[in-house]
2 protein chains.
Amino acid sequence: MIDPAAILPADDDAMAAARALHARLTKPAGSLGALEELSVRLAGLAGACPPPLPVPGAVAVFAGDHGVHAQGVTPWPQEVTAQMVANFLGGGAVVNAFARQVGASVTVVDVGVAVPLEPADGLLDRKVRAGTRDFTVEPALSRDEVERALTVGVEVADSLVDTGAGALLTGDMGIANTTPSAALIAAFTGRDAATVTGRGTGVDDETYARKVGVVSAGLALHRPDPADPVGVLAAVGGLEHAALAGYILGAAARRVPVVLDGVIAVSAALAAAAFAPHAVHAMVAGHRSAEPGATVALNHLGLTPLVDLGLRLGEGTGALLALPIVAGAVRVLHEVATFDSAGVSEK
Amino acid sequence: MIDPAAILPADDDAMAAARALHARLTKPAGSLGALEELSVRLAGLAGACPPPLPVPGAVAVFAGDHGVHAQGVTPWPQEVTAQMVANFLGGGAVVNAFARQVGASVTVVDVGVAVPLEPADGLLDRKVRAGTRDFTVEPALSRDEVERALTVGVEVADSLVDTGAGALLTGDMGIANTTPSAALIAAFTGRDAATVTGRGTGVDDETYARKVGVVSAGLALHRPDPADPVGVLAAVGGLEHAALAGYILGAAARRVPVVLDGVIAVSAALAAAAFAPHAVHAMVAGHRSAEPGATVALNHLGLTPLVDLGLRLGEGTGALLALPIVAGAVRVLHEVATFDSAGVSEK
């Protein structure tokens with residue numbers, strides 16, 4: 001795994017240089033709103049002004065199953081996880097369409113699907129175990145399993161950066177995975193189950209009430225310590241959550257931005273930030289998921305989402321919608337003329 | 001000019017087909033949030049499901065000057081309009097950087113810059129007059145001048161569609177042009193000057209108070225009739241506003257989406273909608289400008305913006321940030337597999 005000390009604080013000099021450059025570009029000061037601060041943050045991450053253009057993007061979709069599915073927290077059968085992996089590999093899912101739209105690659109990582117998957121182009125077999133255990137009965141994972149999944153995420157991040165990715169995007173697939181996401185968010189932020197639990201991909205009132213009860217029960221059984229992210233992930237997490245936390249840490253160690261998708265991603269981001277607080281400098285909140293826990297987690301991380309359109313699909317779709325905005329913010333620092341160079345009068 | 005009857009109502013059959021297709025795609029119903037309804041609207045515009053992909057995008061930046069600049073409504077000298085046109089043509093402005101990011105073209109149209117401009121590649125000389133008159137003293141434009149500027153906009157839209165644009169994006173440049181924008185929004189929505197007037201590209205308290213007074217004075221002097229959009233544009237509008245209204249109508253007549261940028265665009269969109277109410281079906285609100293009048297206008301048009309990041313630059317920058325989201329929404333209808341075709345179980 002990664003040494004937290006390998007994840008550096010933001011570079012103040014690069015951030016100051018980016019702010020100073022913005023003041024000289026041919027636009028009124030502050031007129032790019034949130035994009036200006038985003039570009040300053042990415043300068044701080046890279047330790048350079050301008051920071052590298054965050055293209056091309058690379059999505060890693062970490063797939064896993066969940067023992068807590070047995071508690072009836074979702075109307076979807078567990079077999080859909082593997083079916084959707086096949087759909088990703090065939091290019092037929094929304095994540096594929098959005099990736100084509102912005103020229104991003106899609107890599108699917110089996111870190112914990114319940115059933116064996118056939119080898120295929122674009123699929124990495126990194127299965128740590130065939131789904132988690134039911135966290136209402138026992139810990140979802142052992143600490144060793146969590147650490148192996150974290151390492152999978154770090155290695156995938158390294159590999160994508162090594163092959164030229166300028167930005168990493170989080171993706172996920174796992175029927176029932178909004179339930180462990182809610183439990184992780186509750187554990188790391190101290191909020192109660194009802195506040196952070198949402199309806200996922202369409203549950204009715206009865207299932208929703210059961211889902212809140214399941215999250216509460218898991219937290220009550222394990223009482224996870226938020227200062228021990230491996231312990232929290234082992235108690236109530238998922239294999240894709242652990243791998244995503246490693247992926248985020250891997251991006252941060254390489255000083256490459258990681259665009260977070262929805263509630264699964266931000267719950268994993270809380271684990272990454274608990275492990276290495278400076279990892280937050282690498283995080284870009286792609287969008288605000290419709291799941292209530294997502295907003296709780298983003299606030300805890302101090303992140304403001306770029307896109308807020310009521311999406312609740314996952315897969316990496318919200319991160320992909322945000323990527324051109326991230327790239328545009330950085331491109332301004334590379335390409336826009338200054339008042340002096342363009343001969344434009346100032347006010 | 002365009003016959004309002006040439007702008008068709010939305011095609012209900014195509015919209016119903018798009019809704020039905022969404023229900024069969026491999027994603028939970030409604031999980032793409034606002035993108036689903038956007039894709040349905042664009043099916044209704046095109047009269048086809050799926051509608052054509054809205055790519056490539058083409059931005060037309062309509063540039064003009066304003067007699068009301070003499071009233072001290074902005075700290076920027078009027079010469080900046082022509083200087084920024086040169087910056088656009090040199091590729092050094094933010095609109096150019098964002099256009100490169102998303103593969104869109106940028107065409108600059110001089111519809112009313114105060115000074116003569118040198119011919120240049122990418123610049124269309126369609127000057128109707130060298131800036132408007134001061135609307136606190138007399139009508140900004142004659143009805144004939146408005147109609148000529150509207151025709152410029154229609155012709156630019158036609159030309160861009162003829163050469164392959166899949167979406168038109170609005171752009172604008174004109175020092176002081178948030179002042180006529182506020183006056184247009186007040187005239188079309190019936191709201192008062194203080195509600196719709198903002199600080200544009202950075203005015204202080206004293207200038208802001210003067211700007212509100214200027215907008216009020218113009219409305220009191222001319223008492224424009226919102227049912228007469230040519231009369232409203234003549235009274236308090238700008239040449240770029242009139243041209244943008246024509247451009248929007250031209251897009252609607254061709255059944256091609258037009259992505260609106262900020263407060264200048266949405267004030268022109270109110271004129272277009274007053275001329276031909278069905279034109280609203282072609283409009284996509286690219287972003288929510290930080291100018292308060294923009295939100296008033298969007299609400300009046302019934303449009304929800306895609307991007308809301310505090311931008312207040314204009315030029316077409318907000319529309320360009322939204323374009324990949326618009327394209328992604330349509331691409332889903334083209335490329336995503338159905339539950340049946342992908343062998344994915346339903347809940």
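Things worth noting here:
Matching residues to (1) in a loop (DSSP other than H, G, I, E, B); (2) modelled with pLDDT of 95 or more; (3) open to solvent by less than 20 Å² (accessible area, probe 1.4 Å); (4) over 26 Å from A:G318 (Cα atoms):
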{"position": "A:D172", "(1), (2), (3), (4)": "no, yes, yes, no"}
{"position": "A:P180", "(1), (2), (3), (4)": "no, yes, yes, no"}
{"position": "A:L184", "(1), (2), (3), (4)": "no, yes, yes, no"}
{"position": "A:G202", "(1), (2), (3), (4)": "yes, no, no, no"}
{"position": "A:K211", "(1), (2), (3), (4)": "no, yes, yes, no"}
{"position": "A:V215", "(1), (2), (3), (4)": "no, yes, yes, no"}
{"position": "A:P226", "(1), (2), (3), (4)": "yes, yes, no, yes"}
{"position": "A:A235", "(1), (2), (3), (4)": "no, yes, yes, yes"}
{"position": "A:E240", "(1), (2), (3), (4)": "no, yes, yes, no"}
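- Hits in region A:21-62 (condition: small (G, A, S) and open to solvent by 50 Å² or more (accessible area, probe 1.4 Å)): A:A23, A:A29
- Selection over region A:301-347 of residues that are under 23 Å from A:N177 (Cα atoms) and aliphatic (A, V, I, L, M) gives a count of 10.
- Hits in region B:194-207 (condition: within 14 Å of another protein chain (Cβ to nearest Cβ) and closer than 14 Å to B:T178 by Cα): B:G198, B:R199, B:G200, B:T201, B:G202, B:V203, B:T207
- Any hit, region A:3-13, residues being surrounded by 24 or more Cβ atoms within 10 Å (Cβ to Cβ) and either assigned to a helix (DSSP H, G or I) or within 13 Å of chain B (Cβ to nearest Cβ) (or both): no
- The residues of region B:86-107 that are buried (at least 24 other Cβ atoms within 10 Å of the Cβ) and closer than 22 Å to B:A149 by Cβ, listed by number, are B:F88, B:V95, B:V106.
- Among the residues listed as A:T132, A:T107, the single one being among the hydroxyl-bearing types (S, T, Y) and touching a Pro at 6+ places or on another chain (Cβ under 8 Å): A:T132
- Residue in region B:242-259 that is within 14 Å of chain A (Cβ to nearest Cβ) and either among the aliphatic types (A, V, I, L, M) or part of a loop (DSSP other than H, G, I, E, B) (or both) present: yes
- In region B:293-307, the residues that are part of a loop (DSSP other than H, G, I, E, B) and of a type in the set (G, A, S): B:G302
- Segments classed as helices (runs of 4 or more DSSP H), wholly inside region A:75-162, with at least 2 members that are in contact with a helix residue (DSSP H, G or I) (Cβ under 6 Å, 6 or more places away or on another chain), within 14 Å of chain B (Cβ to nearest Cβ) and at pLDDT 95 or above: A:94-102
- Hits in region A:280-305 (condition: among the aliphatic types (A, V, I, L, M) and within 11 Å of chain B (Cβ to nearest Cβ)): A:A290
- Candidates are the residues of region B:277-307 that are closer than 18 Å to B:L45 by Cα and of a type in the set (V, I, T); the one that is surrounded by the fewest Cβ atoms within 10 Å (Cβ to Cβ) is B:T304.
- Taken over region A:256-280, the criterion of being over 21 Å from A:A234 (Cα atoms) and touching a Pro at 6+ places or on another chain (Cβ under 7 Å) is satisfied by A:P257, A:H278.
- Of the residues making up region A:306-330, those that are in contact with a helix residue (DSSP H, G or I) (Cβ under 6 Å, 6 or more places away or on another chain) and either more than 9 Å from chain B (Cβ to nearest Cβ) or of a type in the set (D, E, K, R) (or both) number 4.
- The set of residues in region B:32-59 being under 12 Å from B:H334 (Cβ atoms), touching a residue at least 40 places away in the same chain (Cβ under 8 Å) and in a loop (DSSP other than H, G, I, E, B) consists of B:C49, B:P50, B:P51, B:P52, B:L53, B:P54, B:V55.
- Considering only residues in region B:308-341 that are part of a helix (DSSP H, G or I) and free of Cβ contacts under 8 Å to residues at least 24 places away in the same chain, the one that is surrounded by the most Cβ atoms within 10 Å (Cβ to Cβ) turns out to be B:E335.
- Check on A:S39, over 28 Å from B:E36 (Cα atoms) and within 10 Å of chain B (Cβ to nearest Cβ): no
- Condition met for A:A165 (open to solvent by less than 10 Å² (accessible area, probe 1.4 Å) and more than 14 Å from every other protein chain (Cβ to nearest Cβ)): no
The values are calculated or read from the model by the stated rules, or taken from the named source; none is laboratory data. In this text the structure is predicted, and so the values were computed from the model without any measurement. When we count neighbours, we look across all protein chains shown, and the Cβ atoms used for this are built from the backbone with ideal geometry, even at glycine. SASA here: full protein model, heavy atoms, side chains in, ligands and nucleic acids out. Shrake-Rupley method; radii C 1.70, N 1.55, O 1.52, S 1.80 Å.
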